[in-house]
Amino acid sequence: MSNTVTHQSSSLSAAEKQKLAKQTQRHQQIKKQVRQKSALATQDCHRVVLLTGNGKGKTSSGFGMVFRALGHGQTCAVVQFLKGDAQCGERNLLEQLGVKVITMNTGCSFKDGYCAEHERVRAQQVWQQTLPLLNDARIDVLLLDEVTYTLARKHLDVDDMVAAIQARPENQSVILTGRGAHRKLKQIADTVSQVNNVKHGLEQGLQARKGIEY
């Protein structure tokens, strides 16, 4: 392997070698800075992760962390607010794995038959089902998908939600997703990611595709 690397390196021009040497030096400096920051991170405790913004990928990222935790043998649970009436590949797999999944089954508000009153009733019912999960020390990771909408539409009280999240067991991490996250959720979150919409297939006339969008 070393002979191959040497042969490839010898074929580079002096200018290319100089450029790559500078690139290596920059990466070494960055690596040093990252290690310095990592050395300051001494706390290993539960987290609140908030994924918000208008771009695609918030739910996908939330489920990705759930699958990551499952890969480590941790116990997870998922609550899907607003969504749940359509196909969902992640939910299909989680149910096969025996992971608890609760869904509102009201669907998106732009669909035919939307009823705000029914949505509020269901949001409050599902929140009552969520509270025991937030109190369950056996759950390591809890995903509250699209939960931000329940606050934006005044279905649930933000202070009640914040209090319930902050009172959870010490081992439990919570992932929150959805657009337009309330500022109080941002305040209690340890990590906040803003997913921006640069370009979306729907805008190009592409239908939602199984395995990509759902």
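The values are calculated or read from the model by the stated rules, or taken from the named source; none is laboratory data. Just so it is clear, the structure is predicted and the values come from calculations on it, not from any experiment. Every residue, glycine among them, receives a Cβ derived from its backbone with ideal geometry; neighbour counts consider all protein chains shown. These accessible areas exclude ligands, DNA and RNA; they are computed on the full protein's heavy atoms, side chains included. Shrake-Rupley method; radii C 1.70, N 1.55, O 1.52, S 1.80 Å.
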Residues being hydroxyl-bearing (Ser, Thr, Tyr) and open to solvent by 30 Å² or more (accessible area, probe 1.4 Å) - total across region 48-98: 3
How about region 122-214: which helices (runs of 4 or more DSSP H) wholly inside it have at least 1 residues that are closer than 17 Å to residue 59 by Cα? 148-152, 183-188
Name every residue in region 53-93 that is assigned to a helix (DSSP H, G or I), more than 22 Å from residue 171 (Cα to Cα) and not aliphatic (A, V, I, L, M), in order of residue number. 58, 59, 60, 89, 90, 91, 92
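Residue 49: closer than 15 Å to residue 176 by Cβ, in contact with an Asp or Glu (Cβ under 8 Å, 6 or more places away or on another chain), part of a strand (DSSP E or B) and at pLDDT 90 or above, yes or no? Give the steps one after another, and end with the answer.
Numbers: closer than 15 Å to residue 176 by Cβ: yes; in contact with an Asp or Glu (Cβ under 8 Å, 6 or more places away or on another chain): yes; part of a strand (DSSP E or B): yes; at pLDDT 90 or above: yes.
So residue 49 passes the test.
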So, first residue in contact (Cβ under 8 Å) with a residue 12 or more places away in the chain in region 66-90, second residue among the aromatic types (Phe, Trp, Tyr), Cβ within less than 7 Å, six or more apart or across chains; the pairs are 81/149; 82/149; 86/214; 87/214; 88/214; 89/214; 90/63
